[in-house]
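Asker: I have a structure here, written as structure tokens, and I will follow up with some questions on it.
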Amino acid sequence: MMTETIKQSLEELFPPVETAAAPAVEESTDQDAADDKKKAAATAPRANGVITSDYQACGYHVDAQVAPEQLLAAVSKVNEAGFFIESITGVDWIADNQLEVVYDFCRYDFDLCRVVIRTRTDRANPEVPTITEIYSGANWHERETHDFFGIKFAGHPHLIPLLLPEDADFHPLLKDFKA
């Protein structure tokens, strides 16, 4: 099955995420404080690695979280397995002071398999490598993501505005954007 093949291929590059036991919550008479600690643990950024997801619940089979310097290796593995790129978008994790780039890949020839690769970068200097050398169709996806989130794709051959005016100095999908 393609899901297992691509997961194993990515795990060769990135060890699987070990599920950590939930942190113990200290006994407290203040139930709100205990609930806040549980929430903070549950919303902490995920560790880098590969996990299998329930397609029925989230729409993809394999989910890989990688560091920006691991991105090209992960995307190369997906390309070698015959996947095509569906989309690239961003997520503003303003509370974590990070921006995330989300890459969606699909293969549906004999065995439907969708793969998501995510990478996070510092919000103050958002930069990840371009994947246009691997997937030329990523060109306009990266330009759109740059327009809306301000993420720079290092090595992109023509990172000019796609949808916004050329003189735009704003990124409308950042959570702190004020129109």
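Asker: Residue check: is residue 76 modelled with pLDDT of 95 or more, among the hydroxyl-bearing types (Ser, Thr, Tyr) and over 20 Å from residue 146 (Cβ atoms)?
Answerer: On the way: modelled with pLDDT of 95 or more: yes; among the hydroxyl-bearing types (Ser, Thr, Tyr): yes; over 20 Å from residue 146 (Cβ atoms): yes.
Yes.
Asker: Still on this structure, please answer the following. Taking residue 151 as meeting all but one of (1) of a type in the set (A, V, I, L, M, F, W, C); (2) modelled with pLDDT under 95; (3) surrounded by 12 or more Cβ atoms within 10 Å (Cβ to Cβ), write down the number of the exception.
Answerer: Result: residue 151 fails condition (2) only.
Asker: Any residue that is at positive phi, at pLDDT below 95 and either crowded, with 17+ Cβ neighbours inside 10 Å or touching a strand residue (DSSP E or B) at 6+ places or on another chain (Cβ under 8 Å) (or both) - is there at least one of those in segment 46-64?
Answerer: Residues of segment 46-64 that are at positive phi, as a first pass: 49, 59.
So of that shortlist, the ones also at pLDDT below 95 come out as 49, 59.
Restricting the remaining residues to those that are either crowded, with 17+ Cβ neighbours inside 10 Å or touching a strand residue (DSSP E or B) at 6+ places or on another chain (Cβ under 8 Å) (or both) gives 49, 59.
Yes, segment 46-64 contains a residue that is at positive phi, at pLDDT below 95 and either crowded, with 17+ Cβ neighbours inside 10 Å or touching a strand residue (DSSP E or B) at 6+ places or on another chain (Cβ under 8 Å) (or both).
Asker: Which members of segment 128-142 meet the condition of being surrounded by 21 or more Cβ atoms within 10 Å (Cβ to Cβ) and either among the charged types (D, E, K, R) or assigned to a helix (DSSP H, G or I) (or both)?
Answerer: Answer for segment 128-142, where residues must be surrounded by 21 or more Cβ atoms within 10 Å (Cβ to Cβ) and either among the charged types (D, E, K, R) or assigned to a helix (DSSP H, G or I) (or both): 138, 141, 142.
Asker: Just the residues that are loosely packed, with under 15 Cβ neighbours inside 10 Å, of a type in the set (Gly, Ala, Ser) and more than 22 Å from residue 2 (Cβ to Cβ), please, taken from segment 67-97.
Answerer: 67, 95
Asker: With the structure loaded, tell me whether residue 108 is surrounded by 15 or more Cβ atoms within 10 Å (Cβ to Cβ) and aromatic (Phe, Trp, Tyr) or whether it fails that test. Step through it out loud before you land on a result.
Answerer: On the way: surrounded by 15 or more Cβ atoms within 10 Å (Cβ to Cβ): no; aromatic (Phe, Trp, Tyr): yes.
When the stated conditions are applied, residue 108 does not pass them.
Asker: When you look at residue 170, is it among the aromatic types (Phe, Trp, Tyr) and modelled with pLDDT under 95, yes or no?
Answerer: Values: among the aromatic types (Phe, Trp, Tyr): yes; modelled with pLDDT under 95: yes.
For residue 170, the condition - among the aromatic types (Phe, Trp, Tyr) and modelled with pLDDT under 95 - is met.
The values are calculated or read from the model by the stated rules, or taken from the named source; none is laboratory data. Bear in mind that the values here come from a model prediction, so they are computed numbers and not experimental data. Neighbour counts run over all protein chains shown; Cβ positions are idealised from the backbone, glycine included.
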